[in-house]
Amino acid sequence: MHELKKLNKYFLRYKRKLFLGILFILLSNLGQVYIPLLLKDSIDNLTSGFSYDVLLDKALFIVGAAFFAGIFRYLIRMTVIVVSRDIEYDLRQDFWSHIQKLPLRFFQNNSVGNIMAHATNDIGSVRMFVGPAVMYSIDTGTKLIVIIAILLSTSAELTFYSLLPLPFLSYFVYRLSKKIHIRFMRIQEKFSDLTTKAQESFSGIRVVKAYVFEDREIEDFSEISRDYMEKNMAMVKIQAYFQPILFLIAGLSIIIVIWAGGNKVIAGELSLGEISAFIVYLGMLIWPVIAFGWITNIIQQASASMKRLTVFLNEPVEIKNNELTSYVINDYSGDIEFRNVSFRYSENFPLVLDGISLKIKRGSTVAIVGGTGSGKTTLLNLIPRLYDVSGGEITIDGNNIRHIPLDVLRRRIGFVSQETFLFSDTLKRNILYGLDKDNDSEVDKAAEISKLNNDLDNFPKGYETILGERGITLSGGQKQRTSLARAIAVNPRILILDDSFSAVDTNTEEAILRNLREFMKDRTSIIVSHRISTVKDADTIFVLDNGRIKEQGTHEELIALKGYYADLHYKQLLEDELKELS
Amino acid sequence: MEQKDDEVLGKAYDSQIMKRLLGYVKPYKRYVVLAIMLNVLVAALGPLRPYLTKLAIDDYIAKADHNGLLVISLLLAGSLVFQAVMQYFLTYYTQLMGQKIIYDLRIKIFSHIQKLALRFFDKTPIGRLVTRTTNDVESLNELFSSGIITVFSDIFIIVWIFIFMFTMAWDLSLVTLSVLPVLFYATFLFRRKVRESYRDVRYHLARLNSYMQEHIGGMSIVQLFSKEKREMGNFSSINNAHKNANINSIFYYAVFFPVVELLSSIAIALIIWYGGGEVIQGTLTLGVLFAFIQYTEMFFRPVRDLSEKYNVMQTAMASAERIFKLLDNESFIKNPLNPKPLPVVNGEIEFRDVWFAYKDDEYVLKNVSFKIEPGQTVAIVGATGAGKTSIINLLTRFYDISRGQILVDGTNIAEVDKRELRRHIAIVLQDVVLFSGTVKSNIGLNSSEISEEQIIKAAETVGAAKFITALPNGYNQEVKEKGATLSVGQKQLISFARALAYNPQILILDEATSSIDTDTEILIQKAIEKLLEGRTSIVIAHRLSTIQNADKILVMHKGEIRESGTHTELLAQKGIYYRLYQLQYKDQEITRSA
Ligand SMILES: Nc1ncnc2c1ncn2[C@@H]1O[C@H](COP(=O)(O)OP(=O)(O)OP(=O)(O)O)[C@@H](O)[C@H]1O
Ligand SMILES: Nc1ncnc2c1ncn2[C@@H]1O[C@H](COP(=O)(O)OP(=O)(O)O)[C@@H](O)[C@H]1O
Ligand SMILES: [Mg+2]
Ligand SMILES: [Mg+2]
């Protein structure tokens, strides 16, 4: 329960509206509770007074009271429920602004679906608490007290008998809606399995077809569907008796009134008008009593959801500005140094980088080569602080990168990741992603350098072509070049290319490298590649092996060293050249 | 604007679609008839009770008959219990039927999509196909399980109420029911408005979700480019639009519910005023008045329900239409009627004057002819977009050719069962696809024919065993979404191992080693040579060192094979291949001379 106290700060923001809402609830209940009394008077008038005027009077009053209550009912929704949407909005804003700060580690370890579930389901169930639950509990509570008071003053005995089933009803609803909630969650889970399976199977359709396992996919899918159906039926089983029993218990109350009350009327202890008021009041009470059970559940769910959200919101922002940040730094020129850097992905994982020390002078180009999984990408990720080092330090212009404001650090780095991610937006907006203004000449320039302009004919609407699901699919090479153009467009001081030409043919690659040589004249660049032809011109080449720097030097020096690099070079030479060599 | 597309609602009833839908109900026809009959019966029980109340008041309370009152109270209780029991069975069985129909339909859709040709996938967003198999089917569920049958029940409840009311007092009935047109109109208006605003809410919700989905996936780009502020702005405006859409819909609820309550109070006021007058005149009994007050409460619900059912029907029709459109799409790669058997393959491949276009007659492959002898290794080189992947797409019959012939072991592949053909071929695709599951299941693809030893053997052959065994759970390690915690090269190795575990007669590598270091690559090559000795392979790669040992190299340029021969032959030709070679190696002259 105390989880929900965290919502207080949100409630406080809207306290005026909420206060009004509560006031409206009270006023509206006043009107509603008045109606059965009018009904009683008019029926009593039919058994004793026989006055047409009284009838008309009461009838008009009923409409008047209903109108009065109605106006406030309207206002209740327009305040309380609107506030719940406001708070939902605020919660989501806070959620997202936190998510944006979380490190790459978080996103690699949590699936998109999981994060989405929190953003939608959990926030949704907290909103149910903030709005409907708050509204109904105040509404119900006040109504219950007033009505029971009126009933008691009419006939204590009859009140006792007729209210007898209601606590059971409340308890029953409470118990069942808890079960319903659990089963509902299971259905949701299965449904998301179903969606995931379909998504995965359809997007991997090439592999499915190539390896001829359509049948297995259909079988898997059938199994999940069957499971989903069973989960649904488990829910149906409850629902099927939930409603009938609700009506049964509620109906019994009324029958008790008719029977016991009828006897009292015969005995002359009660009037027929009182009985009818009783029945109408019971009708009014049944919903609140049901609501009690229901609300208790909403509160429980909301508190569970809030707990999960809190876990999320407390997820540490590992990488951020802190007291060591020196805000006077607002630019740098690009001298990078690694001092004895080590890194592991988490406590019980092995070291991925171990004692890395290297210097990269501004304006120079360095290359990193190394085997699959040797730690190249990991090393590059440390520079813009996608991860923080586990040991040692990285400096730029002599400042520890942890002291450079994060946005200053990242703004001047052009990063082309090994796996390209583009937004499903126009090509142009993808290229200009790092800039804040639309700038056609920038697009042209960046596309020119990255040789994306060669492919312009393939894009139906030029740079305005939309990419992704709703647009065209780029080839691997085109994606890589778009990602390169995006990095170039920010006018970086440091350009980082992580195996960015793996899907680009050598011809085009050569042209890009030629352009880059010019562009990178006084910028620092770091290139990772498996192709000797890509790295051979670098000022320094580092060979990474199992997280350690094994060799370093220029192409010629490393060849002369006759180590890993020379071997690599040798292997990439063609056989006839090898013959010539010997 | 896909979401809006999917939201287009048409008629609530379309006889042709309905007929087709009922086709799925056919196996359960008896249930339906039974359910409807029970419904008609049960519908009478609710309206019966106010009538019994009237009897209680007029015949027993007024006449001070204690025993009669007890009997009628028991009758009331009995009808209540009976109704509850019937209701239980009705709900259970109609839902069961609905679920079964949905299950059948869902599998049918999924299987259908699995069979569709790649050409179809090229132009259909995956998200839309997922929606068909999930949400669209779900909205039919409502139609089958509650829609069709409760419509009957609601109608009969109203009919029964009318019957009881009119037999008791027709004039009071008319007076009371005079609010009905207003109720109908209000409900109709409300439904329409709510539907519109609900559609708006759904649209904005979809936008919010797809924004979040996309940006959670691309968060590192947002962060790398320090665009958190701008993205926060974008998010806020979408979030805000979503909030406003919701608040708009609150308005309609806020108006509608009080209006309904007001109408029901007006009806009661009318009963008291008009009916009360008649009671005073002695033309009406108190019991009738009493029953009428209960009936007004009672008929508001089915009216509201019915209008809701209208929405259910409308959504269901729209979904059904989309589903049937998909099921009617027969763009399959057709198997021949009497496929020639292809039990074993030696691996001879021949392309004869093959022409191919993805779109109309923008030919991507022009007059391509080549022959690969069994056991040969053939390399294909060329710039991106030259048509290398397309050749492979044709060989596995992912697409059908426009002109020419493709022969495997002298048999035209159009004449054999495409699945049998694919059983002999393993491809390592350009884009790595990892499925959720373990490393093991990603290599063996859960095939019963691939043993654990074969999986391990395959992983060892491609040099993946080393990093796999270093994982905390080894081969049983869960693969995070899209293999997020593996290096790119490692992912490629897994998909490579998958091809070897398949033990194919023909192996195709489409830039399969682009992110793998040369060392590992050479190791793999040697291991494969041993493992797949005598089998045919096709290799596409940009690194010339990868392909130099091929028995034959095909040089593609703009959809044509421009050169072919061995490495030495091609160099001697001084053509495209020679230029490519120079690009990759010219600067290495220095080292050579050094
Ligand atoms: N998020 C992560 N969590 C745990 N381990 C990881 C994570 N990312 C990478 N690794 C592991 O760290 C090691 C180094 O990975 P890295 O991506 O740096 O390799 P790489 O040198 O870039 O390889 P490649 O040439 O294949 O791209 C690998 O063994 C990899 O499995
Ligand atoms: N599914 C497709 N739909 C339409 N056009 C395609 C499709 N796949 C490839 N293309 C086009 O066909 C041409 C050849 O592509 P591809 O065979 O993939 O080349 P490569 O593998 O040599 O890079 C390119 O112009 C490409 O844009
Ligand atoms: Mg990498
Ligand atoms: Mg290709």
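The values are calculated or read from the model by the stated rules, or taken from the named source; none is laboratory data. Given the structure is predicted, the values throughout are model-derived calculations rather than measurements. Note that each Cβ is placed from the backbone with ideal geometry, even for glycine, and that neighbours are counted across all protein chains shown. These area figures cover heavy atoms from the full protein model, side chains too; ligands, DNA and RNA do not enter into them. Shrake-Rupley method; radii C 1.70, N 1.55, O 1.52, S 1.80 Å.
Residues that are at the interface with chain A (Cβ under 7 Å from one of its Cβ atoms) and basic (Lys, Arg) within the range B:116-149 are absent altogether. For residue B:86, the test of being more than 16 Å from ligand 4 (Cβ to nearest atom), more than 22 Å from residue A:205 (Cα to Cα) and touching a residue at least 60 places away in the same chain (Cβ under 8 Å) is failed. Taking each residue of the range B:562-580 that is within 11 Å of chain A (Cβ to nearest Cβ) and looking for partners that are part of a helix (DSSP H, G or I) and loosely packed, with under 14 Cβ neighbours inside 10 Å with beta-carbon atoms closer than 7 Å, six or more apart or interchain, yields B:568/A:576. Suppose the filter is more than 8 Å from chain A (Cβ to nearest Cβ) and surrounded by fewer than 20 Cβ atoms within 10 Å (Cβ to Cβ); does residue B:39 pass it? So residue B:39 does not fit the description; no. If you go through the range A:75-83 one residue at a time, do you hit one that is touching a residue at least 40 places away in the same chain (Cβ under 8 Å), within 19 Å of residue B:210 (Cα to Cα) and within 11 Å of chain B (Cβ to nearest Cβ)? Checking the range A:75-83: not a single residue is touching a residue at least 40 places away in the same chain (Cβ under 8 Å), within 19 Å of residue B:210 (Cα to Cα) and within 11 Å of chain B (Cβ to nearest Cβ).
Scanning the range A:489-510 for residues that are more than 21 Å from residue A:573 (Cα to Cα), open to solvent by 10 Å² or more (accessible area, probe 1.4 Å) and out of contact with any Asp or Glu (no Cβ under 9 Å at 6 or more places or on another chain) yields one hit, A:490. Taken over the range A:96-112, the criterion of being in contact (Cβ under 8 Å) with a residue 12 or more places away in the chain and touching a helix residue (DSSP H, G or I) at 6+ places or on another chain (Cβ under 6 Å) is satisfied by A:96, A:98, A:104.
Can you list the strands (runs of 3 or more DSSP E) found entirely within the range A:336-389 that contain at least 2 residues being basic (Lys, Arg)? Quick ask: steps written out before the conclusion?
Values: elements: A:336-344, A:351-360, A:365-370.
Counting at least 2 such residues, we get A:336-344.
Of the numbered criteria (1) surrounded by fewer than 20 Cβ atoms within 10 Å (Cβ to Cβ); (2) at pLDDT 90 or above, the one residue A:555 fails is (1). Regarding residue A:14, is this residue without any contact (Cβ under 8 Å) to a residue 40 or more places away in the chain and not aliphatic (A, V, I, L, M)? It is false that residue A:14 is without any contact (Cβ under 8 Å) to a residue 40 or more places away in the chain and not aliphatic (A, V, I, L, M).
From the list B:211, B:253, the one residue that fits, being aromatic (Phe, Trp, Tyr) and either in contact (Cβ under 8 Å) with a residue 40 or more places away in the chain or facing another protein chain (nearest Cβ under 7 Å) (or both), is B:253. On the stretch given as the range B:236-250, residues that are within 8 Å of another protein chain (Cβ to nearest Cβ), open to solvent by less than 20 Å² (accessible area, probe 1.4 Å) and among the small types (Gly, Ala, Ser) total 0.
So residue A:505 fits all but one of (1) within 12 Å of chain B (Cβ to nearest Cβ); (2) under 24 Å from residue B:514 (Cα atoms); (3) of a type outside the set (Gly, Ala, Ser); (4) more than 16 Å from ligand 4 (Cβ to nearest atom); what number is the exception? Of everything listed in (1) within 12 Å of chain B (Cβ to nearest Cβ); (2) under 24 Å from residue B:514 (Cα atoms); (3) of a type outside the set (Gly, Ala, Ser); (4) more than 16 Å from ligand 4 (Cβ to nearest atom), residue A:505 misses just condition (4). For the range B:385-402, the set of residues classified as open to solvent by 30 Å² or more (accessible area, probe 1.4 Å), within 12 Å of another protein chain (Cβ to nearest Cβ) and assigned to a loop (DSSP other than H, G, I, E, B) consists of B:385 only.
Pick from B:524, B:528, B:494, B:516: which is within 10 Å of chain A (Cβ to nearest Cβ), away from ligand 2 (no atom under 16 Å from the Cβ) and either within 24 Å of residue B:449 (Cβ to Cβ) or part of a loop (DSSP other than H, G, I, E, B) (or both)? Break it down stepwise before answering.
Values: B:524 fails: within 10 Å of chain A (Cβ to nearest Cβ); B:528 fails: within 10 Å of chain A (Cβ to nearest Cβ); B:494 fails: within 10 Å of chain A (Cβ to nearest Cβ).
Of the residues listed, the single one that is within 10 Å of chain A (Cβ to nearest Cβ), away from ligand 2 (no atom under 16 Å from the Cβ) and either within 24 Å of residue B:449 (Cβ to Cβ) or part of a loop (DSSP other than H, G, I, E, B) (or both) is B:516.
Yes/no per residue for (1) buried (at least 19 other Cβ atoms within 10 Å of the Cβ); (2) in contact (Cβ under 8 Å) with a residue 12 or more places away in the chain:
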site	(1), (2)
A:278	yes, yes
A:299	no, yes
A:318	no, yes
A:334	yes, yes
A:347	no, no
A:368	yes, yes
A:371	yes, yes
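Among the residues making up the range A:59-68, those that are open to solvent by less than 40 Å² (accessible area, probe 1.4 Å) and facing chain B (nearest Cβ under 7 Å) are A:59, A:62, A:66.
Select from the range B:43-89 the residues that are basic (Lys, Arg) and buried (at least 16 other Cβ atoms within 10 Å of the Cβ) and write down the one among them that is nearest to the other protein chains (Cβ to nearest Cβ).
From the range B:43-89, those basic (Lys, Arg) are B:49, B:54, B:63; that's our starting set.
Now drop any that are not buried (at least 16 other Cβ atoms within 10 Å of the Cβ), which leaves B:49, B:54.
Numbers: B:49: 8, B:54: 11 Å.
Step by step, filter the range B:43-89, then rank; the result is B:49.
Return a yes/no flag: does the range B:314-321 have any residue that is under 28 Å from residue B:127 (Cβ atoms), open to solvent by 50 Å² or more (accessible area, probe 1.4 Å) and assigned by TED's automatic domain parsing to the domain that holds residue B:112.
Yes: one or more hits.
The residues on offer are B:111, B:145, and the sole one that is at pLDDT below 90 and among the hydroxyl-bearing types (Ser, Thr, Tyr) is B:145. Any chance you could count how many residues in the range A:529-557 are more than 10 Å from chain B (Cβ to nearest Cβ) and part of a helix (DSSP H, G or I)? Number satisfying all stated conditions: 2.
Taking the criterion of being more than 14 Å from chain A (Cβ to nearest Cβ), open to solvent by less than 60 Å² (accessible area, probe 1.4 Å) and over 21 Å from residue B:310 (Cα atoms), the residues of the range B:150-184 that qualify are B:161, B:164, B:165, B:168, B:169, B:171, B:173, B:177.
Within the group B:405, B:454, B:430, which residue is open to solvent by 40 Å² or more (accessible area, probe 1.4 Å) and within 16 Å of ligand 4 (Cβ to nearest atom)? Spell out the reasoning first.
Details: B:405 fails: within 16 Å of ligand 4 (Cβ to nearest atom); B:454 fails: within 16 Å of ligand 4 (Cβ to nearest atom).
The conditions single out B:430.
List the pairs whose first member sits in the range A:113-140 and is over 20 Å from residue A:100 (Cβ atoms), whose second member is open to solvent by 30 Å² or more (accessible area, probe 1.4 Å) and aromatic (Phe, Trp, Tyr), and whose Cβ atoms are under 7 Å apart, counting only residues at least 6 apart or on separate chains? From the range A:113-140, the pairs are A:140/A:292.
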